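Quick note: the coordinates plus some simple rules give every number you see, no bench work behind them. Just so it is clear, the model here is predicted, and its values are computed rather than measured. Because the Cβ atoms are built from the backbone with ideal geometry, glycine has one as well, and the counts that use them run over all protein chains shown.
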Amino acid sequence: MIEENIYKNILYVDDEIHNLNSFRAVFRRSYNIFTALSADEGRKILKENDIHLIITDQRMPEMTGIEFLESIIKDHPHVPRILLTGYTDINAVIDAINKGSVYKYVQKPWSEEELRATIEEALKLYTSSKNKEVLTEKLMLTNEQLEFLLRQNLLS
């Protein structure tokens, strides 16, 4: 089972360094914070670390946040995603949900309390999902063992 009280790893991708620094300053005592200035940097961090939550800005020069999230779904399907943006664009919200499998959409400037609550909800979702995965694997193994024992008894 995954423990809920261990430090969780959060990746925040944003092309503005002051946003990354602000986020790190606010949340570094509660979580392990990884930051990336681009989608490519974000992908590298995802390859090298076990990330439990991904937060990304929508508007970045090389690739939008939605495009980034869509590009990593295959390799990181169970990691919750939060999209941050300073722009109100209903099409971006729809794309975020449909293409990027975004858990929540948060407006910039974010309030610490709101974002902290959203992060906690997303991490609980991640933990629950991982725990279900572990329990399912244990159940399948137990089932295989029982089937083996049953076959042994039938052959005896």
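General observations
- Label zone at E67 (point 7 Å along Cα-to-Cβ), backbone N below 17 Å, the stretch 15-43: 15-16, 37-43
- Entry note: the stretch 9-130 has Rg to Rh equal to 0.91, where both radii use alpha-carbon atoms and Rh is the Kirkwood radius.
- Helical mean residue ellipticity (222 nm; -39500 (n - 2.57) per DSSP H run of 4+; nearest 500) of the chain: -17500 deg cm²/dmol
- Cross-link partners of K44 among lysines (Cα-Cα below 26 Å; sequence separation of 8 or more within a chain): K8, K74, K99, K104, K108, K124, K130
- Gaussian network model of the chain, Cα within-10 Å springs - most flexible of E62, E144, E48: E144
- Length gained on full extension, E114 to L141: 5.6 nm, using 0.36 nm per residue less the C-alpha separation.
- Relative exposure of R43, R29, R24, judged by other C-beta atoms within 10 Å (fewest first): R29, R24, R43
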